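What follows is a set of notes on a single structure, which appears directly below.
A short reminder: the numbers here are calculations on the coordinates, not readings from a lab. Not measured: the values here are computed from a predicted model. Glycine also receives a Cβ, built like all others from the backbone with ideal geometry; neighbour counts cover every protein chain displayed.
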């Protein structure tokens, strides 16, 4: 009873100050409320099941991903910034079904000139809901980098500017922008969701790595993975719309262990499989690559297996922990509820085995190094991309 009374008094005071209200959330014009609040929808979790969304906060519409929208202003209270607001609107999934959204959310932030609130769309009891992602929310310039205001393309090219990858990356991004523009125009003309899905899929790699680039520098291996995925998607989406099923595999050579694999030949060549997921396009997936080598070795098709392992080696990421070198094959696409990058225990374990076989066949010391590093990766804590949780 006391808690309910306190909340009512708090909301009454906030409305009296003119800084915030239950329905409109923020005051747009009162400069006695000096702190600007931006809101964005992140591309993670259940958003990949969503074709379109239209959400409203304080009469401001949000219908794009990873784009901070100025919602209004709030005031501080004893060095803290309490923010309370209502999110309402609708989502439409890829089957055209609409879901209504209405959430009452609140959070308290440190004081600062500008605050970013990042919202996550998630699934609960067969419907969609919205919550605040605290890890990606806070004072801009302190908790959240100012680069959040950049587009994914701007963030990537800013980070790559003084690297050897800049020119090639600029070229592939330019190609990609032309491809996605074509899908967007077709969607606007036809209202066919397959074109919208192809539009979203075609530049997912740009968005995923662009999100990383807003928070930190990319390493050389990450640029290589980005370029491989960008080239693969550019090659595919120059001629086709998205597959209708998740986990469809694509390879840019004549070889694959299964007849159902879609093969393409052209300017881009690779023995590695790229795997499709809705809203995420085609992604370099170490799990599938290592599975293919396992199948090839079982069939005594050693040359095909070695070809994959040789190409995959350039994407191995090395580090040291407790005096031992470890190796990780990281995945850079959202899978289920994971953030990126993430590591598969299957890829690490089976990878150690197939690279050991490759060493025995060739005597190549790089393969032995990778095999040992993959074994050592099982000792990593979860905070270092480890994937084994120790229980009592």
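Percent of alpha carbon pairs in region 167-289 separated by more than 20 Å?
42
Which whole-number percent gives the relative contact order of the chain, counting Cα pairs below 8 Å spaced six or more residues apart?
With pairs under 8 Å counted, the relative contact order is 10 percent.
Would you mind checking the tilt of helix 345-362 against the longest principal axis of the Cα atoms of the chain, expressed as 0 to 90 degrees and rounded to 10?
20
Any idea how far apart residue 161 and residue 311 come out in nm if each label point goes 7 Å out from Cα toward Cβ?
It is 3.4 nm.
State, to one decimal in nm, how far the label point of residue 184 lies from the label point of residue 147, with both points 7 Å from Cα in the Cβ direction.
2.3
Would you kindly state how much longer the chain becomes between residue 321 and residue 255 on full extension, computed as 0.36 nm times their sequence separation minus their alpha carbon distance, in nm to one decimal?
20.0 nm
Return a whole-number percent for the relative contact order of region 152-384, with Cα pairs under 8 Å and 6 or more residues apart as the contact set. List each step's numbers first, then the result.
On the way: 348 pairs, mean separation 34.0, N = 233.
Reported relative contact order: 15 percent.
To the nearest 10 degrees, how steeply does helix 220-237 sit against the main Cα axis of the chain, on a 0 to 90 scale?
It is inclined by approximately 90 degrees.
For region 152-384, what D do you get in µm² per second when you plug the Kirkwood radius from alpha-carbon pairs into Stokes-Einstein at 37 °C and 0.692 mPa s?
D = 177 µm²/s.
Taking the alpha carbon gyration tensor of region 281-392, what are the square roots of 5 times its eigenvalues, largest first, to the nearest whole Å? Kindly include the intermediate steps, with their values, before the conclusion.
On the way: eigenvalues 107, 61, 27 Å².
Each semi-axis is the square root of five times an eigenvalue, giving 23, 17, 12 Å.
To the nearest 10 degrees, how steep is helix 204-215 against the longest Cα principal axis of the chain, on a 0 to 90 scale?
60
Using the count of nearby Cβ atoms within 10 Å as a rough guide to exposure, how do 189, 311, 211, 42 rank from fewest to most?
The fewest-first ordering by Cβ neighbours comes to 189, 311, 42, 211.
Order these by the 10 Å Cβ neighbour count, fewest first: 102, 197.
Starting with the residue having the fewest Cβ neighbours, the order is 102, 197.
For a quick check, take a GNM of the chain with Cα springs below 10 Å and name the residue from 359, 258, 237 with the largest mean-square fluctuation.
258
Relative to the present Cα-Cα distance, how much length would full extension add between residue 54 and residue 268 at 0.36 nm per residue of separation?
73.3 nm
Could you work out how far apart the two model spin labels at residue 342 and residue 295 are, taking each label as a point 7 Å from the Cα in the direction of the beta carbon, and quote it in nm?
So the label points at residue 342 and residue 295 sit 2.3 nm apart.
Give me 324, 120 ranked fewest to most by other Cβ atoms within 10 Å of their Cβ, as a rough exposure proxy.
The fewest-first ordering by Cβ neighbours comes to 324, 120.
Based on the Kirkwood radius over alpha-carbon pairs, what value in µm²/s does the Stokes-Einstein equation return for the translational diffusion coefficient of the chain at 25 °C and 0.890 mPa s?
106
Hey, what's the Cα Rg ratio for region 45-188 versus the globular rule of thumb, 2.2 N^0.38 Å?
1.24
What is the distance in Å between the Cα centres of region 262-283 and region 192-219?
That distance is 15 Å.
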